[in-house]
Each structure stands twice: as C-alpha cells, then as structure tokens.
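Trainee: Have a look at the structure that comes next, please.
The values are calculated or read from the model by the stated rules, or taken from the named source; none is laboratory data. What you see is a predicted model, and the numbers here were worked out from it, not measured in a lab. All Cβ positions, even for glycine, are placed from backbone atoms using ideal geometry, and neighbour counts span all protein chains on display.
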Amino acid sequence: MRFWCSALEEPWSWSWRAYPGVWAAALAIAVPYLVARRRARAMRPQPLDAAETAAQRRQMWFFLAGVAAFWVASDWPLGVLGAGYLASAHMAQFMLYTLVAAPLLVLGIPEPMARRILARLRLYRFMTRLTKPVAAGLVFNGCLVATHSPWAVDTLRANQFGSFVIDAVWLASGVLVWLPICSPLSEHRLRAYPGKMVYLFLALGVVPAVPAGFLTFAGFPLYATYELAPRFYGLDAATDQQMAGLIMKLGGIPIVWGTIIAMMMRWADESKEAGSASQSTMTSAQ
C-alpha cells in the first residue's frame, strides 16, 4: 500500500486506491486545530456573545473547508491523476492547494492561536520578514517555477516522498502568499486596499501567466512523466499540457479578480462611511 500519490506505470483504472498518508496529513492539520479551539473555549473566563460566537464558528468552517480542499487535491482520484497521468490534473492540484485550501486555512486561524504558534516555534521575527509583500510574492512564484520545472516534476513525481514534497511546498507557499492579504495578525497584513489589490494582481495574476504561457504554447511535451504515462482515455500529451497551461492562466481569474472586486467594494464602503462621519463631525462643530 502506498502512503502518498505518486506516478504509476500501469493503465489508468477507476478502481479506488487507499492512501493513508493523505488521510494522516489531513487529520494532522484538522485535529490539533480543533483541540486548540476547544481548550481556548474552556479557558475563556466568560462566554462570548452571539456575534462573536458566529464569527468563531465561521472561522472554524473556513479552516475545515480548507482541510477538505487539501484532501480532495491530494487523494484519489485527483492526486493519482496529477502525480503520474495528466499534467492538467497536476495543475488542478496546484490551483486547489494555492487558491482554495491555503486562503481558507488562513481565514480559519484565530489571532490568539496564530500568536501562540509563532511564539512556541520562535518564528515571529522570521514570519514578519517573510510576509513582506515582495518577499512573499518572490518565494511563492519561485516555488511555482521550481515545482513546475521538468526536472522537479520528472524527478519528484516518480516516488512517494518527492510527490509529497511538491504538494507540501504548494500548500506552504500558498499560505505564505495569502498572509499579506488576510493574515490573522494585523501587523503581517497590508493596510491599504490599493496595496493589497496591486500585490494580489502581481503575485497571483501576472507572474504565474509567464510559465502558463510556456505550457500552453510549447511545441512539444515538457514533462516525460506525463508524455510517457499510459494515456487517459486517449488524451495526447501535447493537448494535456496545453490544458494545464490554460488552467494555470485562467483558473485563478475568478478567485483573484473576485477578491480584488470584493476589496474594491469594501474600500468604497469604508471611504463612504469615513466621509459621512467627517461630514457629521463638521456639522456638529458648526
């Protein structure tokens, strides 16, 4: 029995396969989180009001949804297809890790929990530097290019440990790139909405389009892993690679631009409220 999804040298079959390493990883993320929340609730001196309870419950569901997205991206069948059959499935995994699972996990972590984790691991100063927009964007896109290079894919996807490393790097870099936008720690977030929108557009919109273009317009398959893999319902390697490039280029548009539009609307509402408050103050002074 394999513990993690990796490349297989046999025709694709819809027969279910067990990957206990994926289940253990999902539980290793979810269980400590739920235990920590329960302990924090038990140690609270007074109960929360209805609004605070609803906010905390929403955070919990965000986090669990992120764990579910991680599990879907890692386990059978998508994990197996992405590890050794289809470059397009490989890219779908990347998008799920970085654009779905990662931001949901970040949104689900309460501020006190984040501070305790960084304090115990003594990572606060390091993360303060790493969550600077330039650093976070460079690290994320460096990981993107490195893990999609032909050498990395053909070398690491061939074995379980290497395949696990790729998936772990995707999740970790995805969490990092979202911290300047929605970190639970205010000092790690960008304050101004224009800065957030420009950062998100560049880090998750513009730069990833470059490797996506190589995949889409390359005249030959770049990855031996997917070129030599047993064909999935007759889909040839060149078409599969073009699909992978299109998924990277277009798949993030709804999330990236949806987030930017949401931030623009919130910025407009806050500006309007600030203007109304200022006008009321001036009227009262008169």
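Trainee: Report yes if Leu179 is of a type outside the set (Gly, Ala, Ser) and touching a Phe, Trp or Tyr at 6+ places or on another chain (Cβ under 9 Å), otherwise no.
Mentor: No: the conditions fail for Leu179.
Trainee: Which residues, taken from the range 172-192, are more than 17 Å from the chain's Cα centre (by Cα) and either modelled with pLDDT of 95 or more or surrounded by fewer than 17 Cβ atoms within 10 Å (Cβ to Cβ) (or both)?
Mentor: Leu185, Ser186, Glu187, Arg191, Ala192
Trainee: Would you call Val169 in contact with a Cys (Cβ under 6 Å, 6 or more places away or on another chain) and surrounded by 14 or more Cβ atoms within 10 Å (Cβ to Cβ)?
Mentor: When the stated conditions are applied, Val169 passes them.
Trainee: A follow-up question, please. So which residues in the range 14-36 are assigned to a loop (DSSP other than H, G, I, E, B) and surrounded by fewer than 17 Cβ atoms within 10 Å (Cβ to Cβ), if there are any at all?
Mentor: Passing the criteria: Trp14, Ser15, Trp16, Arg17, Ala18.
Trainee: Determine which member of the set Ala55, Ala89 is surrounded by fewer than 23 Cβ atoms within 10 Å (Cβ to Cβ) and free of Cβ contacts under 8 Å to residues at least 40 places away in the same chain.
Mentor: The conditions single out Ala55.
Trainee: Can you name the condition, by its number, that Trp4 falls short on among (1) part of a helix (DSSP H, G or I); (2) surrounded by 12 or more Cβ atoms within 10 Å (Cβ to Cβ)?
Mentor: The number of the failed condition is (1).
Trainee: Taking the stated definitions as given, is Ala50 of a type outside the set (S, T, N, Q) and exposed (fewer than 12 other Cβ atoms within 10 Å of the Cβ)?
Mentor: yes
Trainee: Tell me which helices (runs of 4 or more DSSP H) are completely within the range 109-160 and hold 1 or more residues being farther than 28 Å from Thr225 by Cα, or say none if there are none.
Mentor: Here the list reads 111-121, 124-130, 133-147.
Trainee: Considering the range 167-218 alone, what residues qualify as being under 24 Å from Trp71 (Cα atoms) and of a type in the set (D, E, K, R)?
Mentor: Asp167, the sole residue that qualifies.
Trainee: Among (1) closer than 30 Å to Gln241 by Cα; (2) modelled with pLDDT of 95 or more, there is one condition Gly84 misses while meeting the rest; what is its number?
Mentor: Every condition holds for Gly84 apart from (2).
Trainee: Quick test for you: out of Val169, Val165, Val210, Val256, pick the one residue that is farther than 17 Å from Ala135 by Cα, out of contact with any Leu (no Cβ under 8 Å at 6 or more places or on another chain) and either at pLDDT below 95 or assigned to a helix (DSSP H, G or I) (or both).
Mentor: Exactly one of Val169, Val165, Val210, Val256 is farther than 17 Å from Ala135 by Cα, out of contact with any Leu (no Cβ under 8 Å at 6 or more places or on another chain) and either at pLDDT below 95 or assigned to a helix (DSSP H, G or I) (or both), namely Val210.
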